[in-house]
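Novice: Have a look at this one before I ask anything.
The values are calculated or read from the model by the stated rules, or taken from the named source; none is laboratory data. Quantities reported herein were computed from a predicted structural model and do not represent experimental measurements. Cβ placement follows ideal geometry from the backbone for every residue including glycine, while neighbour counts extend to all protein chains displayed. The protein model used for the area step is the full one, side chains on, heavy atoms only, and it has no ligands, DNA or RNA in it. Shrake-Rupley method; radii C 1.70, N 1.55, O 1.52, S 1.80 Å.
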Amino acid sequence: MKRKLTKKAKGGLARAASLTSEERRKIAQKAAIARWGVKPPQATHTGNFKEKFGIDVKCYVLNDEQKTAVISQRGMGAALGFSPQGGGRLTRFINGKTISEYLGLELLEKLSNPLIFKGVPTVSGAPSIHKLHGFDVTLLIDVCKAICAAEDDGKLHPQ
């Protein structure tokens, strides 16, 4: 069954057809900012730690001023040896009583408030609609140092 378009819908389609791709992109950006409050950073490309560090974890480079290198929450968990199925295990781990003492308040705060960013643009060049949660890659080193300190003190559970 074919639906009859309203006058309003026809006008919207005609307007969209008359806009250039650049104009449509600007309108979409404005709508996204209105919806999300601020424009989240966008990953420009991805990389991997496999070659240099032997860890098969994807990282992202953001389009912010600092070109921040980010590891996803799931990737952070995988780098620490947790199941790659989800980032929830990392959250439970860092909130554990023992390890949280070694992480310290500042690092716990950063780990409790992940960066929210959009993934790499699609093949067509359109921005990704997927929001990812991640951390500055330098936090991985800080977490590893805390784990080593807790392990040296015999405070970590064997798992």
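Novice: Suppose R0 equals 35 Å. What FRET efficiency, 1/(1 + (r/R0)^6) with r the Cβ-Cβ distance, do H133 and T20 give to the nearest 0.05?
Specialist: Computed FRET efficiency for H133 and T20: 0.55.
Novice: Project the alpha carbons of region 53-100 onto their principal axes and report the range along each, largest first, in whole Å.
Specialist: 36, 22, 19
Novice: Compute, for D152, the solvent-accessible surface of its heavy atoms (probe 1.4 Å) with the complete set of protein chains present, and express it in square angstrom to the nearest 10.
Specialist: Surface accessible to solvent at D152 totals approximately 130 Å².
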